[in-house]
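Scroll down for the structure; my scribbles are underneath it.
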Amino acid sequence: MSSNQYNVKPGDWDLSGANFIDNGVNFCCFSRQATAAELLLFEQDDSPEPFLSVQLDPKIHRTFFFWHVLIENLPDTLYYGWRMDGPTDTRESGCRFDREKVLLDPWCRTVSDRLWDRQKASVPGNNLSTSMRSQLVRDQYDWEGVGHCHLPLVDAVIYEMHVGGFTRHPSADTQYPGTYQAVIEKIPYLQSLGITHVELLPIMAFDLQDVPPKTASLGLSNHWGYSTHSFFAPHPHYACDPSRARDEFRDMVKALHRAGIGVILDVVFNHTAEGGADGPTISFRGFGNEIFYHLDFIDRGRYRDYTGCGNTVNCNHPLVTRFLIDCLHYWAHDMRVDGFRFDLASAMARGEDGNPQHHAPVLWSIELSPELGRAHIIAEAWDAAGLYQVGDFPGFRWAEWNGHYRDVIRAFVRGDPGLVADVATRLSGSSDFYEGRGRLPANTVNFITCHDGFTLYDLVSYNQKHNEANGEDNRDGHNDNLSWNCGVEGPTDDPHILALRRRQAKNFMAILLLSQGVPMLLAGDEILRSKGGNNNTYCQNNEMSWFDWRKVAENDDMLAFTRGMIAFRRRHPTLRRDRFLTGKPDREGQLPDIAWHSTQLNQPPWENDCNHVLAFTLAGVAEHEEPLHVMLNMQNDGADFALPQIQDRRWHLAVNSAANPAVYPVDQQQLVHADKFHVQGRSLVVLEAR
């Protein structure tokens, strides 16, 4: 290409990123302290040299702290990068400008890391031949009339899954394993499971090379994706054609929406792939390190790390807040995403001084944004520096991963004593965290397992983590998992232990789906997927992490149980109440909305610290909905539970985790004739009154 054919004009400062305008493209970035800017344009993502290099004149191409230029007659597709120059007195100003580094546009919609070398970007010197490249492509996507999935969160069943790992295993038998396209092929499975939303581990473009050196030496890479470098761009490695990553992601969203399944993104706004002081210069560090990150008050060359990942994004700086809100609007509007789960969201609550703010501007901006008014917003309400805010996020819309629910239910099913009162509160929607602040059961996202930690089957198969394969001498990952191996650590042929593990897994799954609030399942738990006791597989892009589709047939009883429990929850609105339980009738002449029992009626075991049993009766809320009676027995021995008598109704067996099948069909006729029911040890039973 000849540089003579392009007309260069001043451009506009209020169009962030690269945007087509009439006959040209407007490029704009922000950099308050930069003294010079250069825009590089490439024909291909691996072009050794730019076909056009434009030095921006600050008198013409700078407004406030925005650098901008309009270039006419450019092709519809090209690649580009920025070079910025400015001060490097890190100790005083915190600036880290490096005029030799090629930077990604923070607003780029598609990115290529084909040439990327993290080490080259982490040391001084020119990285033109090993840099990432932003891609410019004209947007012409056709949604074919498919909109969002606007399902209330209170009715949701969330399925946390990894886009690549879900279909990477050879047994997936997909045309393009590990891609957005392959997820489309598996939509019938998701529909058959009955889930309402997929919550995708990070799909914003991340650095595969961001792992510790020893881990990298083992040939391992960043698998989970909690190492974002481009917040507006879909991860290119999940696309069949990386240059079409944006459209391929939208193809997946469109197909999921057609199937009635919503899409929630796991968003990593708390830190970036640029790491600590010895990390690479990718984007933000080269444009405005002193603005984008929390820096030490005395030595501005040091990063304050509240995330355990080397840096912390300064989310409540006005410019950064605007950037993050723009990003969410883009994903909600242009990409039609239905919600967001914010990783280590408590780090986002920290003000510019590092202290938590109850009215953090970025959190309130998300809460009150009209553009996000129907998007689900979910916080992982803690950070790596000890800030724990479950029940304490602002406003009324924020839902939260309820870590306390996870811990209490794990300990109770394991057999720990003295928990029944706390268990009852968790089953009821954690009113102690939410009701006093005017919030609702839908504000708690309940889970037993997630990507971070043991799978459900490992939770009942291992007492200790086994992370040696990660190359960190088993130091990484959580040490206290509240797990129980049922008598043997890891694999065993003992049929009694194997049966107990299955029953425990079903207990966990049933309790989760019987609880008020929003249940979230980890993909693969429904087929008893194991990671061999590794509770931190962030770097394991291999069979240890992948969804093994052979287990769909091998563990069909667990799969059937999970499907049955999800269907049971859907059939019973009383399990999805939009207000907290009171112990009083919803309407005159009805049963109390809930009544608590032990093995004896109306004698809840709140004062018995050694008790491992709990029962409760739930009234129906919908017309003709059957009341439910739930009996939990987490002790080793069986127990006889007294049954309440309801006028003109008889009890029918609906769920028995000790039986096979364990969930009975809706039209089953198995009556319970006695006034007591024997619940086997380490099991639960649910009855319906008809």
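What about ASP12, is it in contact with a His (Cβ under 8 Å, 6 or more places away or on another chain) and of a type outside the set (A, V, I, L, M, F, W, C)?
yes
Consider MET520 against the criteria (1) closer than 22 Å to ALA442 by Cα; (2) in contact with a helix residue (DSSP H, G or I) (Cβ under 7 Å, 6 or more places away or on another chain): it satisfies all of them except one. Which criterion is unmet?
(2)
Consider segment 478-511. How many of its residues are surrounded by fewer than 20 Cβ atoms within 10 Å (Cβ to Cβ) and at positive phi?
Of the residues in segment 478-511, 3 are surrounded by fewer than 20 Cβ atoms within 10 Å (Cβ to Cβ) and at positive phi.
Can you tell which of ASP480, ASP525, ASP548, ASP494 is charged (D, E, K, R) and at pLDDT below 95?
Every option except ASP480 fails the conditions.
Only residues that are touching a residue at least 40 places away in the same chain (Cβ under 8 Å) and farther than 19 Å from MET558 by Cα: list them for segment 644-665, please.
PRO644, ILE646, ARG649, ARG650
Considering only segment 482-494, I want to know if a residue exists there that is among the acidic types (Asp, Glu), farther than 30 Å from ASP593 by Cα and not in a loop (DSSP other than H, G, I, E, B).
No, segment 482-494 has no match at all.
Going through segment 509-568 one residue at a time, which ones are of a type in the set (Val, Ile, Thr) and outside any strand (DSSP E or B)?
Of everything in segment 509-568, those that are of a type in the set (Val, Ile, Thr) and outside any strand (DSSP E or B) turn out to be ILE511, ILE527, THR537, VAL552, THR562, ILE566.
Within the set of pairs 6 or more residues apart or between chains, which connect a residue that is free of Cβ contacts under 8 Å to residues at least 60 places away in the same chain inside segment 51-77 to a residue that is surrounded by fewer than 21 Cβ atoms within 10 Å (Cβ to Cβ) and part of a helix (DSSP H, G or I) with Cβ atoms less than 6 Å apart?
Filtered contacts from segment 51-77: LEU52/SER3.
Quick check on segment 403-416. Is at least one of its residues among the hydrophobic types (A, V, I, L, M, F, W, C) and within 19 Å of ASP578 (Cα to Cα)? Working first, answer last.
Of the residues in segment 403-416, the ones among the hydrophobic types (A, V, I, L, M, F, W, C) are 408-409, 411-413.
When the remaining residues are screened for being within 19 Å of ASP578 (Cα to Cα), the result is none.
Among the residues of segment 403-416, not one is among the hydrophobic types (A, V, I, L, M, F, W, C) and within 19 Å of ASP578 (Cα to Cα), which makes the answer no.
Looking only at residues that are at negative phi and part of a loop (DSSP other than H, G, I, E, B) in segment 222-239, which one is surrounded by the fewest Cβ atoms within 10 Å (Cβ to Cβ)?
ASN222
Answer yes or no: is there a residue in segment 92-113 that is within 26 Å of ALA245 (Cβ to Cβ), among the small types (Gly, Ala, Ser) and modelled with pLDDT of 95 or more.
yes
Could you pull out the residue among ASN463, ASN485 that is within 21 Å of ASP407 (Cα to Cα), in contact with a Phe, Trp or Tyr (Cβ under 6 Å, 6 or more places away or on another chain) and free of Cβ contacts under 8 Å to residues at least 60 places away in the same chain?
On the way: ASN463 fails: in contact with a Phe, Trp or Tyr (Cβ under 6 Å, 6 or more places away or on another chain).
From the options ASN463, ASN485, the qualifying one is ASN485.
Under 9 Å between Cβ atoms, at least 6 apart or on separate chains: pull out the pairs that start in segment 467-479 with a residue that is within 13 Å of LYS531 (Cβ to Cβ) and end on any residue that is among the polar types (S, T, N, Q) and not in a loop (DSSP other than H, G, I, E, B).
So the pair list comes out as ASN470/THR215; GLY477/ASN470.
Looking at LEU456, LEU514, LEU521, which one is buried (at least 21 other Cβ atoms within 10 Å of the Cβ), in contact with a Ser or Thr (Cβ under 6 Å, 6 or more places away or on another chain), closer than 22 Å to ALA424 by Cα and touching a residue at least 60 places away in the same chain (Cβ under 8 Å)?
LEU456
For segment 1-93, list the strands (runs of 3 or more DSSP E) that sit wholly inside it and hold at least 3 residues that are among the hydroxyl-bearing types (Ser, Thr, Tyr) and farther than 23 Å from ASN289 by Cα; which are they?
Result: empty, no element qualifies.
Among the residues of segment 378-419, write down those that are in contact with a strand residue (DSSP E or B) (Cβ under 6 Å, 6 or more places away or on another chain), aliphatic (A, V, I, L, M) and crowded, with 23+ Cβ neighbours inside 10 Å.
ILE378, ALA379, ALA381, ALA399
Taking segment 650-690, which residues are out of contact with any strand residue (DSSP E or B) (no Cβ under 7 Å at 6 or more places or on another chain) and small (Gly, Ala, Ser)?
Listed by number, the residues that qualify are ALA659, ALA674.
Name the one entry in ASN474, ASN536, ASN481, ASN507 that is within 30 Å of LEU153 (Cβ to Cβ) and in contact with a helix residue (DSSP H, G or I) (Cβ under 6 Å, 6 or more places away or on another chain).
Within the list ASN474, ASN536, ASN481, ASN507, the selection yields ASN507.
Using beta carbons and a limit of 6 Å, which pairs, at least six apart or on different chains, have the first residue in segment 190-209 and farther than 19 Å from PHE547 by Cα and the second one hydroxyl-bearing (Ser, Thr, Tyr) and modelled with pLDDT under 95?
none
Listed here are the residues, each with its yes/no results for (1) under 19 Å from TRP224 (Cβ atoms); (2) in contact (Cβ under 8 Å) with a residue 24 or more places away in the chain.
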| residue | (1), (2) |
| --- | --- |
| CYS240 | no, yes |
| ARG258 | no, yes |
| ASP266 | yes, yes |
| ASN270 | yes, yes |
| ARG285 | no, yes |
| HIS294 | no, yes |
| ILE298 | no, no |
| GLY308 | yes, yes |
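With the requirement that a residue be of a type in the set (Val, Ile, Thr) and over 19 Å from MET132 (Cβ atoms), what does segment 69-88 give you?
Across segment 69-88, the qualifying residues are VAL69, ILE71, THR88.
Tell me, please, whether a residue that is surrounded by fewer than 16 Cβ atoms within 10 Å (Cβ to Cβ), in contact with a Lys or Arg (Cβ under 8 Å, 6 or more places away or on another chain) and touching a residue at least 60 places away in the same chain (Cβ under 8 Å) can be found in segment 555-567.
yes
Provide a single number: the residues in segment 400-448 that are part of a loop (DSSP other than H, G, I, E, B), closer than 23 Å to GLY681 by Cα and in contact with a helix residue (DSSP H, G or I) (Cβ under 7 Å, 6 or more places away or on another chain).
Number satisfying all stated conditions: 2.
Check segment 293-311 and report whether any residue there is more than 26 Å from GLU160 (Cβ to Cβ), of a type in the set (A, V, I, L, M, F, W, C), modelled with pLDDT under 95 and over 18 Å from the mean Cα position of the chain (by Cα).
Checked segment 293-311: at least one residue is more than 26 Å from GLU160 (Cβ to Cβ), of a type in the set (A, V, I, L, M, F, W, C), modelled with pLDDT under 95 and over 18 Å from the mean Cα position of the chain (by Cα).
Take TYR141 and tell me if it is among the aromatic types (Phe, Trp, Tyr) and under 30 Å from HIS294 (Cβ atoms).
It is false that TYR141 is among the aromatic types (Phe, Trp, Tyr) and under 30 Å from HIS294 (Cβ atoms).
Checking the conditions here, which among PHE641, PHE616 is more than 19 Å from PHE561 (Cα to Cα), of a type in the set (Phe, Trp, Tyr) and in contact (Cβ under 8 Å) with a residue 60 or more places away in the chain?
PHE616
The values are calculated or read from the model by the stated rules, or taken from the named source; none is laboratory data. These numbers were taken from a predicted model, which means no experiment stands behind them. A quick note on method: Cβ atoms are made from the backbone with ideal geometry, for glycine too, and the neighbour counts reach across all protein chains shown.
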